[in-house]
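The next block holds one structure in the form of structure tokens; read it before the comments.
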Amino acid sequence: LRCCSSNGSGEKERTLGIIKPDGLSENAANFYAEHSSKPFFTNLIKYMTSGPVLVMILEKEDAVIHWRELIGPTDAGKAKITHPQSLRAMCGVDIEKNCVHGSDSHQSAQREIAFFFKEAPSAFKTEAVRKHDEL
Ligand code: UDP
């Protein structure tokens with residue numbers, strides 16, 4: 001888009017934007033690009049775009065491993081038996097609908113955080129996000 005005619009007053013205005021469903025499914029496909037050749041890929045993208053998601057940055061010492069421990073194994077069905085206290089056991093259904101995501105390594109976490117938060121206007125960034133940007 002070429003921007004814009006302006007009255008030059010410097011006053012802020014608001015506009016409305018909507019990411020439509022096809023925009024979200026493109027995002028989900030990019031986020032899970034590493035699984036694009038897997039047989040479950042199409043269903044995974046349908047699942048990931050079937051409703052709103054809440055994306056968050058969690059910060060503490062060894063956050064990656066601790067969050068992975070808390071969410072439990074990929075297969076929520078099996079987790080109900082082997083890890084009944086895990087989040088996936090409590091809110092997930094099966095190997096696809098497992099209700100939560102957790103980065104699998106420090107490198108993945110950096111890439112995935114940047115995927116969602118890197119472009120956010122700095123005024124809206126929390127201290128935690130700013131710290132990550134500086135890494
Ligand atoms: N998934 C699936 N079928 C499978 C394996 C994975 O639908 O056989 C989905 C599931 O939602 C999982 C996501 O694909 O969380 C990413 O898979 P990954 O192997 O990275 O598991 P995770 O790291 O999420 O435990």
Starting with the fewest neighbours, write out Ser50, Ser86 ranked by other beta-carbon atoms found within 10 Å of each beta-carbon. Ser50, Ser86
C-alpha center-to-center spacing [region 11-32, region 75-113] in angstrom: 26 Å
Under a Cβ-Cβ cut-off of 13 Å, what is the net charge of the residues other than Ile95 that fall near it, where Lys and Arg count +1 and Asp and Glu count -1? +2
Among Lys80/Lys118; Lys12/Lys118; Lys20/Lys46; Lys38/Lys97; Lys38/Lys131, which pairs are too far apart, with a Cα-Cα distance over 26 Å? Lys80/Lys118; Lys38/Lys131
Please state the charge dipole magnitude for region 32-119, taken about the Cα centre, from unit charges on C-beta atoms (+1 on K and R, -1 on D and E), reported in debye and rounded to the nearest 20. 280 debye
Most exposed first by the Cβ proxy, i.e. fewest other Cβ within 10 Å, how do Lys78, Lys12, Lys60, Lys46 rank? Lys12, Lys60, Lys46, Lys78
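FYI, it's all coordinate maths here, none of it is from the lab. Remember, it's a predicted structure, so these values are computed and weren't measured experimentally. Quick reminder, even Gly has a Cβ in these numbers, built from the backbone with ideal geometry, and neighbours come from all protein chains shown.
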